[in-house]
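Structure first, commentary second.
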Amino acid sequence: TGWSATRYGVPADIVAQVDPVSLYTLVATMEAFATAGITDPYELWQWLHVSEVGNTIGGGVGGMRSTQAMYRERFLGVDIPPETLQESFINTMGAWVNMLLLSASGPITAPVGACATAAQSLDLAVELLRSKRARLVISGAHDDFREEGSREFGALNATSSAVEEAKLGRQPKEMSRPMTASRSGFMEAHGAGVQIVTTAAFALEHGLPIHAVVGTSLTATDKVGRSVPAPGQGLLGAARQRPFGANPLLDPEWRSRQLAVALASIKEWTEASLLEAGADATRVFHVQASSASQVAAARRYWSKDCLTATSVSPWLAGLATYGLTIDDVDLASLHGTSTRANDTNEPAILQEQLQHLGRSTGAALPCVTQKALTGHPKGPAFAWMLHSVCQSFATGIVPGNANLDNVEPALRAHAHLYFPSRKQVTDGLTAAVLGSHGFGHVSAFALVVHPDIIFGQLDSEALADYGRARSKRHGRTYRHYHDALAGRGTLFRAKDAPPYTDEQQSAVLLDPTARASAAGDSYSFSAWKPGAPTDAEKAAGALASTLADAAAVTAVGGASVGVDVQLVADLSLEPSFIKRNFSVAEQEALSSSADRRSTAAGRWAAKEAVFKAVSLATGLPSRGAGAPLNEVEVGRPPARGLPPPLTMHGAIRDAVASVGATVSVSISHSGEYAVAVATCTPSKQTSDH
């Protein structure tokens, strides 16, 4: 074909040494990083520990060219490279990715699921992220096209016969015809498909492009049988559930209220535990870490886990997480192998799932199969399908099914499905489902949602921040590709050394806080100092000192102490909220801040802490959780390390004056939190105190 890995920048010695599928995988992985704006994968080590990047790249067979050399050429007396054996292993391709691009030490699993391998890979990636064993995962699969495999597929009547098709006057591009009455098997392809999978929070924080959100992923096997390639219906389980009246868990507003209750409880525990920890910086640090973990668990439970823990099907749970229903699915990407058995079995599964989950009559779901265009690459098939769905999300276009000249009559019975032969331009897609089926009774299912579901949850400030960061990354992608095309650089740039020295290796691997920094035209650990306190540890120490000071004032002067903890990400920056709770001077200070959300969270926590302290000292009653806090005005600190000045208004000013109190507040930032500690020291007692 003329394809050459050296043109992408893969070193000539590597090209000569490794199997072709290793080269496909290396180039596909670098393309995935580059299109995400990560033109140097070592950039990841600024934000992540080297153990936090996982790899789930798998394959159906491994290096087929190498296997061919081992079992045929060696037997014939042909001299083959000594590295041939290693290139036949299925996990070697993912290993080359790490050796030439990453230097990661995170979890690695190489799935083998025949034609469903890439779907298995995605499912494994999602589980690594959900279990927090990784924070970013390279997912995908690879496979080759060689004579030996092609002959055996033909023996199983799985592939289309070019000879017989030509006799019927068909051109090569017409020989794969999924979902048609005249289909006679697939046309083989080869290559690799790779996706970078991470959490929405991580992608938003670092400006990474979000092409789709995984709502559900799962795999399934099938019943007792005697045929390895025979398709089954085990994937029906993705829709498993029993009707049991109206389920409040499917109401996102109800779940939101439960989450608010859980977060309020965690907040109360955190504030009490911080007061108890006092001057013990180590305990303060672990209280904050535990609080962050509890918040994450509560969010995870009330967003989705509560659904899957009950009678809600995995499919519906993935939709309900985002407030969607079964009617919001508007695209299905089918495995569609153009074989006699698969192309009736797969639509039958989908039809029954939709019927069971209550899809509305008349809301027919468009089904697309792309192997008429791409051929069947086996292992990476699902990855290619997911790429296509992401393109549909970006454009709103449902592609037509190529070569669909005579639809299989059996498909007409499926009232919830239709198979367009021409592209359809929509006003936007919301969600899509993908199915994948492989030899060995391996089936897989995924539900993905348009990224607007994430962007719509951001306030205008957060969305604008993300947009700027995303645009910056797009600029990196543009320059990287254009430099490669213009000959000023290469797309693939192999690493010659890890980002740390041999002397640093143990320290970097053993310290979860080890981070790289920019060094020349890449990133390294050269400036990292083992044992140096992290920002979170410094913040915990500062907060412990503040708590100790507050305790001392309480012991000597009878002060009341108020503590408030605010999750920075949860504070709204919507204009109506800011105007209602912050003075004009405070709003001006926020506007000039480099990190408006963090500054606003700190001042909000300060207002809350002041109210708590004053309430304890004077008996000032609360006006409820929804009351504005504009009666406490927090100014700019006069100098670094000094507390911010406070100005009181209205009822809280009168309460402070009634006891001649002195009020002060200290603000600390630690990781995801802003924490404020306020003291109110009366100079006289009221009749009630």
Segment 229-253 - residue that is surrounded by 13 or more Cβ atoms within 10 Å (Cβ to Cβ) and hydrophobic (A, V, I, L, M, F, W, C) and, of those, nearest to Cys306 (Cα to Cα):
Leu249
Cβ pairs under 7 Å, 6+ apart or interchain, first in segment 1-26 and in the same structural domain as Trp96 (by TED's automatic domain parsing) and more than 15 Å from Ala484 (Cβ to Cβ), second hydroxyl-bearing (Ser, Thr, Tyr) and crowded, with 19+ Cβ neighbours inside 10 Å, ordered by first then second residue, are Asp19/Ser66; Ser22/Thr92
Looking at segment 666-674, is at least one residue surrounded by 12 or more Cβ atoms within 10 Å (Cβ to Cβ), more than 24 Å from Ala536 (Cα to Cα) and among the β-branched types (Val, Ile, Thr)?
no
For Thr282, are the conditions met, namely being touching an Asp or Glu at 6+ places or on another chain (Cβ under 8 Å) and either surrounded by fewer than 17 Cβ atoms within 10 Å (Cβ to Cβ) or of a type in the set (Ser, Thr, Tyr) (or both)?
no
Under 8 Å by Cβ, and 6 or more places apart or on different chains, what pairs join a residue from segment 582-611 that is without any contact (Cβ under 8 Å) to a residue 12 or more places away in the chain with one that is exposed (fewer than 14 other Cβ atoms within 10 Å of the Cβ) and in a helix (DSSP H, G or I)?
Gln587/Lys579
So, in segment 450-492, exactly how many residues are hydroxyl-bearing (Ser, Thr, Tyr) and under 21 Å from the mean Cα position of the chain (by Cα)?
3
Based on this model, can you work out whether Met175 counts as buried (at least 19 other Cβ atoms within 10 Å of the Cβ), of a type outside the set (D, E, K, R) and free of Cβ contacts under 8 Å to residues at least 24 places away in the same chain?
yes
Do we have Asp564 as within 19 Å of Ser668 (Cβ to Cβ) and surrounded by 19 or more Cβ atoms within 10 Å (Cβ to Cβ) here?
yes
Testing Leu275 on (1) at pLDDT below 90; (2) in contact with a Ser or Thr (Cβ under 7 Å, 6 or more places away or on another chain); (3) closer than 30 Å to Ala613 by Cα, one condition comes back false. Which one is that?
(2)
Looking at (1) out of contact with any Cys (no Cβ under 7 Å at 6 or more places or on another chain); (2) touching a residue at least 12 places away in the same chain (Cβ under 8 Å); (3) buried (at least 18 other Cβ atoms within 10 Å of the Cβ), find the lone condition where Ala203 falls short.
(2)
Which count do you get for residues in segment 53-103 that are in contact with a Lys or Arg (Cβ under 9 Å, 6 or more places away or on another chain), assigned to a loop (DSSP other than H, G, I, E, B), of a type in the set (A, V, I, L, M, F, W, C) and farther than 25 Å from Phe439 by Cβ?
2
Write out, first by first residue and then by second, each pair whose Cβ atoms fall under 7 Å of each other, whose residues are 6+ apart or on separate chains, and whose first residue, in segment 646-664, is closer than 12 Å to Leu629 by Cα while the second is of a type outside the set (A, V, I, L, M) and in a helix (DSSP H, G or I).
Ile652/Phe611
Looking only at segment 147-169, which residues are part of a loop (DSSP other than H, G, I, E, B) and crowded, with 17+ Cβ neighbours inside 10 Å?
Ala158, Ser160
Positions within segment 392-403 being modelled with pLDDT of 95 or more and either on the phi > 0 side of the Ramachandran plot or within 18 Å of the chain's Cα centre (by Cα) (or both), in sequence order
Phe393, Ala394, Gly396
Which of the residues spanning segment 492-506 are more than 24 Å from Leu26 (Cβ to Cβ) and of a type in the set (Gly, Ala, Ser)?
Ser506
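The values are calculated or read from the model by the stated rules, or taken from the named source; none is laboratory data. Not measured: the values here are computed from a predicted model. Because the Cβ atoms are built from the backbone with ideal geometry, glycine has one as well, and the counts that use them run over all protein chains shown.
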